[in-house]
Structure formats: structure tokens, C-alpha cells
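Visitor: Below is one structure. I have some questions about it.
The values are calculated or read from the model by the stated rules, or taken from the named source; none is laboratory data. In this text the structure is predicted, and so the values were computed from the model without any measurement. Virtual Cβ from ideal backbone geometry, glycine too; neighbours counted across all protein chains shown. With ligands, DNA and RNA removed, areas are computed over all heavy atoms of the protein, side chains included. Shrake-Rupley method; radii C 1.70, N 1.55, O 1.52, S 1.80 Å.
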Amino acid sequence: TLKIFNKSTYIYNSNENRKKQLTQKKMEIESELLSLRNKRDEMTTFYISKRQIEKMRSEVEDQFNRVNILNKIWSPKVGYPSLKIAGFLNDLTIKTNTDMENMWGTDLRIKEFNINASDFSIVIDRDGVEVKDASLCSQGETETINAAISFSIIESNVENGGYDVLRLDEVDGPLDETRRVKFIDMIQTRINELGCDSCFIITHNGEFEDIPCDIIMLKGAKIHES
């Protein structure tokens with residue numbers, strides 16, 4: 001009986017120990033499982049956050065690209081205004097050089113308009129020699145360049161319905177007699193091309209006396225009524 005009892009006790013104790021071991025192991029597994037679940041949740045949260053951040057970043061990049069595109073489009077250096085300015089100056093150069101060629105031949109012409117952030121200059125080609133700016137030319141040359149540029153700008157505005165009356169105030173003053181005659185021819189040609197309704201010329205020189213016109217007013221002259 002004692003042997004049987006001892007055997008049963010041994011088996012019972014062995015089972016209890018195994019039960020404790022299994023319980024301990026279960027607790028360890030559950031703890032490890034909980035840790036893994038927490039890591040899984042953290043990774044899930046991180047993945048969701050990462051996707052949200054990537055989506056936000058993509059949206060920000062898209063907005064930035066749009067703003068950058070708009071900035072480039074409207075940039076005076078590389079965008080639409082730049083193209084408009086470049087086109088206008090190119091057209092202005094061609095028209096101005098055409099007018100100056102009528103007066104100076106090919107000896108005087110605009111080479112380019114130089115525009116940057118801090119400077120603006122009109123580079124001139126004078127008889128094959130480059131002049132850094134029109135202001136460095138003689139007075140007669142400068143006045144011719146100014147008048148030719150003005151006519152070209154007027155023509156651009158006329159095309160947009162800007163001008164129909166032209167007033168020239170002593171623009172021929174610095175020119176010699178030969179240049180004034182050619183200047184008159186150029187003015188007559190340009191007025192016809194521009195389609196101006198009226199042109200008023202103020203001058204102290206006599207070369208304009210032969211121009212076909214409606215009225216000539218001479219300061220200090222006496223008008224005799226017949």
C-alpha cells in the first residue's frame with residue numbers, strides 16, 4: 001500500500017511540477033506574444049503614418065511643382081514675360097535698324113538690348129566697332145537712335161490700337177542738313193506705315209518747308225488776309 005501511495009504521490013508531484021512549468025511557459029509565451037503584438041501594432045501604425053507622410057509629401061511636392069511652374073511661367077527671366085520681352089525687343093531691334101539704315105546706311109545699327117538685374121544698355125554697332133551703350137554715341141546718333149526706337153514702340157502700340165496722333169518736338173535739332181533731309185523722308189514713310197490720323201512737327205529748321213502738309217505755322221510770321 002505504501003509503495004502504491006508513494007508512486008501515486010510521485011506521479012502527482014511530477015504532474016504538479018509539469019503543470020507549473022507549463023503554466024510558466026504559457027505565461028512566457030503569452031508575454032512574448034503580447035510583445036510581438038505590440039510591435040506589430042507599432043509597425044502597423046508606423047506603416048500607416050509612413051503612407052500618410054508619403055502622401056502628404058507627394059501633395060506638397062505636387063503643390064511645390066505647380067508653384068515652381070507658375071513662377072517659371074511668370075518669371076521675367078525665363079518665363080512668359082521673358083518671351084514677350086525678348087520678342088518685343090527683337091522686333092524693336094529689326095524695326096529700329098530699318099529706320100536707321102534709311103538715314104545712316106549700315107554704318108549705325110543696334111546690336112542688342114542688354115538687360116540684367118542691375119543694368120540696361122543698348123549696344124550699338126557703329127561702322128563695325130561695338131559701342132557699349134547708345135549714350136556713348138554722338139548727339140546726332142543718339143537722337144536718331146531715340147527717334148527710331150520711339151517710332152518702333154509707337155508702331156507696336158498702333159497695332160494694339162494705342163496711337164493715332166503723333167507729335168514730334170524738335171527731334172531733328174542735333175542733325176546736320178543731310179541727315180535732316182533723310183530724317184524727313186524716314187518720318188514721311190513711317191507716318192504712312194503707322195496710319196496716324198495727325199502728325200504735328202515742331203522744328204526750327206527749313207527742310208520741313210517742302211513736306212506736303214495741311215497747315216504750316218511759323219512763329220512770329222505775319223498772316224495777310226486777302
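Visitor: Can you tell me how many residues within segment 122-147 are assigned to a strand (DSSP E or B) and basic (Lys, Arg)?
Guide: 1
Visitor: Shifting gears a bit: Output yes when any residue across segment 87-104 is open to solvent by 80 Å² or more (accessible area, probe 1.4 Å), at pLDDT below 80, at negative phi and more than 24 Å from the chain's Cα centre (by Cα), and no when none is.
Guide: Checking segment 87-104: at least one residue is open to solvent by 80 Å² or more (accessible area, probe 1.4 Å), at pLDDT below 80, at negative phi and more than 24 Å from the chain's Cα centre (by Cα).
Visitor: Is there any pair with a first residue in segment 159-177 that is under 19 Å from residue 188 (Cβ atoms) and a second that is small (Gly, Ala, Ser) and at pLDDT 75 or above whose Cβ atoms are under 6 Å apart and which are 6 or more apart or on different chains, and what are they?
Guide: Between residues of segment 159-177 that are under 19 Å from residue 188 (Cβ atoms) and residues that are small (Gly, Ala, Ser) and at pLDDT 75 or above, the close pairs are 165/198; 171/147; 175/140.
Visitor: Also: Considering each residue of segment 128-144, count those that are of a type outside the set (Val, Ile, Thr) and surrounded by fewer than 11 Cβ atoms within 10 Å (Cβ to Cβ), and give that number. Before the answer, list the steps.
Guide: Within segment 128-144, the subset of a type outside the set (Val, Ile, Thr) is 128, 130, 132-141, 143.
Now narrow it down to the ones that are surrounded by fewer than 11 Cβ atoms within 10 Å (Cβ to Cβ): 128, 130, 139.
Result for segment 128-144: 3.
Visitor: Just checking, does segment 59-76 include any residue being modelled with pLDDT of 85 or more, of a type in the set (A, V, I, L, M), open to solvent by 70 Å² or more (accessible area, probe 1.4 Å) and at negative phi?
Guide: no
Visitor: So, one more: Please enumerate the residues belonging to segment 31-50 that are charged (D, E, K, R) and open to solvent by 100 Å² or more (accessible area, probe 1.4 Å).
Guide: Those that are charged (D, E, K, R) and open to solvent by 100 Å² or more (accessible area, probe 1.4 Å): 32, 37, 39, 40, 42.
Visitor: For segment 156-193, what are the residues that are modelled with pLDDT under 75 and in a helix (DSSP H, G or I)?
Guide: Selection gives 156, 157, 158, 159.
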